[in-house]
1. Going through segment 35-69 one residue at a time, which ones are surrounded by 14 or more Cβ atoms within 10 Å (Cβ to Cβ) and free of Cβ contacts under 8 Å to residues at least 12 places away in the same chain?
2. Among the residues of segment 178-195, what is the count of those that are surrounded by fewer than 18 Cβ atoms within 10 Å (Cβ to Cβ), touching a residue at least 12 places away in the same chain (Cβ under 8 Å), in contact with a strand residue (DSSP E or B) (Cβ under 9 Å, 6 or more places away or on another chain) and not in a strand (DSSP E or B)?
3. Does residue 147 fit the bill of being assigned to a helix (DSSP H, G or I), touching a strand residue (DSSP E or B) at 6+ places or on another chain (Cβ under 6 Å) and either in contact (Cβ under 8 Å) with a residue 60 or more places away in the chain or under 17 Å from residue 225 (Cα atoms) (or both)?
4. Do we find that residue 76 is surrounded by 17 or more Cβ atoms within 10 Å (Cβ to Cβ), under 18 Å from residue 151 (Cα atoms), at pLDDT 95 or above and within 13 Å of the chain's Cα centre (by Cα) in this structure?
5. Could you list all residues from segment 116-126 that are on the phi < 0 side of the Ramachandran plot and either without any contact (Cβ under 8 Å) to a residue 60 or more places away in the chain or touching a helix residue (DSSP H, G or I) at 6+ places or on another chain (Cβ under 7 Å) (or both)?
6. Looking only at residues that are more than 19 Å from residue 206 (Cα to Cα) and out of contact with any strand residue (DSSP E or B) (no Cβ under 9 Å at 6 or more places or on another chain) in segment 10-34, which one is surrounded by the most Cβ atoms within 10 Å (Cβ to Cβ)?
7. Can you say whether residue 89 is farther than 18 Å from residue 2 by Cα, under 21 Å from the mean Cα position of the chain (by Cα), free of Cβ contacts under 8 Å to residues at least 60 places away in the same chain and in a loop (DSSP other than H, G, I, E, B), as far as the supplied structure shows?
8. For segment 197-228, give me the residue count where each residue is touching a residue at least 60 places away in the same chain (Cβ under 8 Å) and either out of contact with any helix residue (DSSP H, G or I) (no Cβ under 7 Å at 6 or more places or on another chain) or closer than 13 Å to residue 113 by Cα (or both).
């Protein structure tokens with residue numbers, strides 16, 4: 001099978017692509033490398049890897065990249081509240097308009113597995129979100145991902161995954177993700193300030209995200225034209241609970257702020273029963289992920305050329 005991964009040099013892609021190659025798939029990565037492509041360097045000796053340096057918004061690039069492709073995993077996006085707020089026009093064109101273009105240009109028999117997000121639910125207090133819960137995105141990121149998801153679901157041959165909040169180590173590391181950030185701040189700066197400590201969210205390790213894509217490939221007919229929350233109820237935690245779990249592994253100063261606010265107001269709990277009934281569940285615990293991130297924090301150095309401390 002020939003698989004195209006858009007955004008394949010990103011946080012998820014750098015974990016997904018090596019595993020797809022190990023399983024014998026031909027993989028074409030389409031990425032503009034806005035955060036570099038170093039995460040794919042370990043894969044370059046594999047003859048089943050084809051890397052296209054291009055923009056998913058470019059119809060000519062898409063036309064060429066879609067040649068001989070049997071399945072698309074669509075990850076390309078401006079991800080997260082801060083990144084979308086920083087460049088809203090880019091977020092709109094990449095997250096939504098490029099998805100519309102990709103769906104239009106693909107052969108309609110070629111499936112798309114879309115990496116959507118639980119951010120589509122926004123702030124839902126007092127109930128458990130299922131796939132039937134009304135979507136209420138409260139950020140541009142959530143809005144663009146919701147609109148892209150709905151466009152795909154109005155077509156055919158698609159699977160949309162609403163992922164829990166990611167964490168864990170990747171060759172293209174992200175420190176803006178909450179658990180990754182908490183561990184790094186605790187390990188390297190020895191303090192964390194937490195706002196809205198009771199806000200809840202569900203988390204999923206990046207490798208479990210990758211395994212969910214493999215599950216979709218292997219069980220496509222069962223999941224076809226559906227939308228699925230992907231995560232586990234075992235991984236529902238408040239910010240306060242996450243901070244104390246990190247504190248079990250790292251000695252640091254923890255401050256819960258009474259004043260100030262986190263601009264990202266997501267606050268929800270989610271049911272993952274729909275995909276669990278089909279046979280998928282996560283395998284990596286919060287404790288295991290934190291242990292991994294503590295090791296990763298030892299390897300990551302962020303330098304400021306304009307400071308002596």
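1. The answer is 58, and nothing else.
2. Counting residues in segment 178-195 that are surrounded by fewer than 18 Cβ atoms within 10 Å (Cβ to Cβ), touching a residue at least 12 places away in the same chain (Cβ under 8 Å), in contact with a strand residue (DSSP E or B) (Cβ under 9 Å, 6 or more places away or on another chain) and not in a strand (DSSP E or B) gives 2.
3. On the way: assigned to a helix (DSSP H, G or I): yes; touching a strand residue (DSSP E or B) at 6+ places or on another chain (Cβ under 6 Å): no; either in contact (Cβ under 8 Å) with a residue 60 or more places away in the chain or under 17 Å from residue 225 (Cα atoms) (or both): yes.
The answer is no for residue 147.
4. Values: surrounded by 17 or more Cβ atoms within 10 Å (Cβ to Cβ): yes; under 18 Å from residue 151 (Cα atoms): yes; at pLDDT 95 or above: yes; within 13 Å of the chain's Cα centre (by Cα): yes.
Yes.
5. Filtering segment 116-126 down to residues on the phi < 0 side of the Ramachandran plot leaves 116-121, 123-125.
Answer for segment 116-126, where residues must be on the phi < 0 side of the Ramachandran plot and either without any contact (Cβ under 8 Å) to a residue 60 or more places away in the chain or touching a helix residue (DSSP H, G or I) at 6+ places or on another chain (Cβ under 7 Å) (or both): 116, 117, 119, 120.
6. Step by step, filter segment 10-34, then rank; the result is 34.
7. On the way: farther than 18 Å from residue 2 by Cα: yes; under 21 Å from the mean Cα position of the chain (by Cα): yes; free of Cβ contacts under 8 Å to residues at least 60 places away in the same chain: yes; in a loop (DSSP other than H, G, I, E, B): no.
No, not satisfied.
8. Step one: list which residues in segment 197-228 are touching a residue at least 60 places away in the same chain (Cβ under 8 Å), which gives 199-217, 219-220, 223-228.
Applying the additional criterion that residues be either out of contact with any helix residue (DSSP H, G or I) (no Cβ under 7 Å at 6 or more places or on another chain) or closer than 13 Å to residue 113 by Cα (or both) yields 200-201, 208-217, 219-220, 223-228.
Qualifying residue count for the region: 20.
The values are calculated or read from the model by the stated rules, or taken from the named source; none is laboratory data. Quick caveat: nothing in here was measured; it's all calculated off a predicted structure. Note: ideal-geometry Cβ built from the backbone for every residue, glycine included; neighbour counts use all protein chains shown.
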